[in-house]
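Below is one structure, written out as structure tokens; the observations come after it.
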Amino acid sequence: METAAVAETLLEFPCAFPLKIMGRTHDGFAQTVLDVVLRHVPDFDSASMEMRASRLGNYISLTCTINASSRGQLDALYRELSSNPQVVMVL
């Protein structure tokens, strides 16, 4: 239980929090991720999303730096992104 309490205090909210979301290159992947992010962070500026393709172009990574307001918000966002079949990894 003490570990959870320590983890809870590592971040001070609100804070800028970068999320990296990776998936296979697929039409609509960026829009799918953006839709999920906007459900949890309505004030996210979609123009700030960074996109990078892998060397061979098989994968794409998106970086979204959000203004996180709580640990619960981050947990819910991670859960929804991770459960999406198009998403391979969320960091």
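Coordinate-derived values only; no laboratory data. On a predicted model such as this, the values are computed, not experimentally measured, just so you know. Using ideal geometry, Cβ is built from the backbone for each residue, glycine included, and neighbour counts are taken over all protein chains shown.
Listed values for the stretch 67-72 are Karplus-derived 3J(HN,Hα) couplings in whole Hz (6.51 cos²θ - 1.76 cosθ + 1.60, θ = phi - 60°), namely 9, 6, 9, 6, 5, x, and x replaces Gly and Pro. Going toward the positive end of the dipole of the chain, with +1 on Lys and Arg Cβ and -1 on Asp and Glu Cβ, which of Pro14, Ser70, Leu38 do you reach last? Of Pro14, Ser70, Leu38, it is Leu38.
What ranking of Thr65, Thr25 emerges when the number of other C-beta atoms within 10 Å of each C-beta is taken as an exposure proxy, fewest first? Present the calculation step by step, with values, prior to reporting the outcome.
Numbers: Thr65 15, Thr25 12.
Final ranking by Cβ density, sparse to dense: Thr25, Thr65.
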